[in-house]
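**Q** Sharing a structure here in structure tokens format.
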Amino acid sequence: MTHEGLADRLEMLLVLRWLDLGAPDDGELTLLLEELAAELEAGTGRRGLLAMMGALGDLEGRGALEVAWPGGVRAEAQVRLGERLRRDARQLFGR
């Protein structure tokens, strides 16, 4: 799978998780990177973590989201979906 393909799949997964939370206005999600890597079959251990960090970086570069690393870079990320992504998801899914 390409790096860009993983970022696209991650974006869809994050939108679905956000919708499952009731589409909160702040767009915030807390992510466990190892869990995401396993779900997206991006690898295990360090390889999976690096793949998820790279995909999050790609999405942040596109302006789709913002990433924060509470307590420094580790296996947990705080993500805020961008306004445009939230608006598009609401229009598509009617929330």
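**Q** Normalised by the residues of the chain, what does the relative contact order come to in percent, with Cα pairs under 8 Å and at least six apart?
**A** Relative contact order of the chain: 31 percent.
**Q** Could you give the dipole magnitude of the chain about its Cα centre, charging the beta-carbon of Lys and Arg +1 and that of Asp and Glu -1, in debye to the nearest 20?
**A** It works out to roughly 80 debye.
**Q** Which helices of the chain meet both criteria: a Cα extent of 20 Å or more along the helical axis and a mean Kyte-Doolittle score no lower than -0.5, with helices taken as whole DSSP H segments?
**A** 3-20, 45-62
**Q** Give me P(r) over the chain, computed from all C-alpha to C-alpha distances, binned every 5 Å, as integer percentages.
**A** Result returned by the calculation: 3, 14, 27, 26, 19, 9, 3, 0.
**Q** Continuing with the same structure: Hey, rough spin-label estimate for Glu83 and Leu13, points 7 angstrom out along Cα→Cβ, what's it come to in nanometres?
**A** 2.9 nm
**Q** Compute the label zone of Trp69 within the range 34-54: residues whose backbone N is under 12 Å from the point 7 Å along Cα-to-Cβ.
**A** Flagged as within label range: 50, 53-54.
**Q** Further question on the same structure: Once Rh is set to the Kirkwood radius over Cα pairs, what Stokes-Einstein translational diffusion coefficient, in µm²/s, holds for the range 1-53 at a temperature of 25 °C and a viscosity of 0.890 mPa s?
**A** The estimated diffusion coefficient comes to 213 µm²/s.
FYI, it's all coordinate maths here, none of it is from the lab. These numbers come from a predicted model, not from an experiment. Because the Cβ atoms are built from the backbone with ideal geometry, glycine has one as well, and the counts that use them run over all protein chains shown.
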